[in-house]
Amino acid sequence: MIHHWSLFTKPWKTATAEELGALAARLGFTGIEFPLRAGYQVDLADPERGLVSLGKTLAQYGVRITSVAGDTSERTFAACQAAGVRILRIMINADPAIGYRKSMEAKKRELEALAPLCEKYSVTIGVQQHYGFGIFNTMEMRELLEGFNPQHIGAIWDAAHSALSGEIPAQALDIIWDKLVLVNLKMAYYHRANGPEAEQAVFEPYFTTGRNGAASWKDAADFLIAHGYDGDICMPAEYTDEANVEAYIAQDLAYARSLFPARM
């Protein structure tokens, strides 16, 4: 049983806590992923108090904070524990100056040093892949996470970035299944950003609705259902056409729910 359909609230930076709760509930979400970053609804000078307060406000609308996107300072772990948040989402970038392999060796040591904080605060670090110079495809994510207890440090599989790396969703999920702590449903494809007359072609990601990207949400859903996935599904609400985010996320949630008819 999926616990929560969760909305990443990054697009609603200026909303009040009450407005966030009302929005999530109106759209049909029972959870949010909160960006614990400067300029959002929680003051980073006192993240523990702020996150707890936000959680109490959201609860009035039947919504809870299911995950946080933030840094890995001990203050962030303490804030998550105080607010009952189980997952702290991060991404892993590489340093081009030293190259991918040496970067990942260093990042693995950083994660090893964070494992005691995961244990202390009962918070799981979720590593998400992202296009660019860093952890991009699912096998790279698995390689980084080998040896870690997924209750401490696990994987967040993102359908859009998996699609951008050219993966088949069921195969990618099979690669990371035993490390999986959260699923992100968004979608993207590459489009050419300059004309055919240009000396060098430039291709950029275009973030779109769930039915229209480079991979199949249904393929992912079928795998998750067959394997008894019982975690949350987060919908990041990331669209290149930012003017229509609310309309797109409402339509995408309806589509995603239709793929799990026996699960909700």
Are any residues in segment 86-110 touching a helix residue (DSSP H, G or I) at 6+ places or on another chain (Cβ under 7 Å) and hydrophobic (A, V, I, L, M, F, W, C), and if so, which ones? Leu88, Ile92, Ala94, Met104
Count of segment 116-131 residues which are in contact with a strand residue (DSSP E or B) (Cβ under 7 Å, 6 or more places away or on another chain), surrounded by fewer than 22 Cβ atoms within 10 Å (Cβ to Cβ) and over 15 Å from Ile87 (Cβ atoms): 2
Which of the residues that make up segment 78-90 are open to solvent by 20 Å² or more (accessible area, probe 1.4 Å) and assigned to a loop (DSSP other than H, G, I, E, B)? Gly84, Arg86
So is Thr57 farther than 29 Å from Pro116 by Cα, among the hydroxyl-bearing types (Ser, Thr, Tyr), open to solvent by less than 30 Å² (accessible area, probe 1.4 Å) and free of Cβ contacts under 8 Å to residues at least 60 places away in the same chain or not? yes
From the option list Ala256, Ala220, Ala237, Ala214, single residue qualifying as within 23 Å of His130 (Cβ to Cβ), under 19 Å from the mean Cα position of the chain (by Cα) and open to solvent by 40 Å² or more (accessible area, probe 1.4 Å) is Ala214
Tell me which residues, restricted to segment 166-196, are among the small types (Gly, Ala, Ser), under 18 Å from Lys218 (Cα atoms) and open to solvent by 40 Å² or more (accessible area, probe 1.4 Å). Gly166
What pairs come up if the first residue lies in segment 119-134 and is touching a residue at least 12 places away in the same chain (Cβ under 8 Å), the second is in a loop (DSSP other than H, G, I, E, B) and open to solvent by less than 10 Å² (accessible area, probe 1.4 Å), and their beta carbons are under 9 Å apart, counting only those six or more places apart or on different chains? Val123/Val85; Val127/Ile135; Gln128/Ile135; Gln129/Ile135
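Quick grid of which residues meet (1) among the hydroxyl-bearing types (Ser, Thr, Tyr); (2) farther than 19 Å from Asp232 by Cα; (3) in contact (Cβ under 8 Å) with a residue 24 or more places away in the chain:
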{"residue": "Trp5", "(1), (2), (3)": "no, no, yes"}
{"residue": "Thr9", "(1), (2), (3)": "yes, no, yes"}
{"residue": "Thr14", "(1), (2), (3)": "yes, yes, no"}
{"residue": "Arg26", "(1), (2), (3)": "no, no, no"}
{"residue": "Ile32", "(1), (2), (3)": "no, no, yes"}
{"residue": "Gln41", "(1), (2), (3)": "no, yes, yes"}
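In this structure, does Gly21 turn out to be open to solvent by less than 20 Å² (accessible area, probe 1.4 Å), more than 24 Å from Val181 (Cβ to Cβ) and not polar (S, T, N, Q)?
Yes; evaluated as a whole, the condition is true for this residue.
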Subset of segment 24-42 (residues that are closer than 30 Å to Asp222 by Cβ, touching a Gly at 6+ places or on another chain (Cβ under 9 Å) and surrounded by fewer than 21 Cβ atoms within 10 Å (Cβ to Cβ)): Ala25, Thr30
Under 7 Å between Cβ atoms, at least 6 apart or on separate chains: pull out the pairs that start in segment 208-225 with a residue that is more than 13 Å from Thr240 (Cα to Cα) and end on any residue that is buried (at least 18 other Cβ atoms within 10 Å of the Cβ) and of a type in the set (Ser, Thr, Tyr). Ala215/Ser162
Those residues of segment 56-85 which are out of contact with any helix residue (DSSP H, G or I) (no Cβ under 8 Å at 6 or more places or on another chain) and β-branched (Val, Ile, Thr) amount to Thr66
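The values are calculated or read from the model by the stated rules, or taken from the named source; none is laboratory data. Since this is a predicted model, take the numbers as computed values, not measurements. Positions of Cβ are backbone-derived with ideal geometry, glycine not excepted, and every protein chain shown enters the neighbour counts. Calculation scope for accessible area: heavy atoms of the full protein, side chains included, ligands and nucleic acids excluded. Shrake-Rupley method; radii C 1.70, N 1.55, O 1.52, S 1.80 Å.
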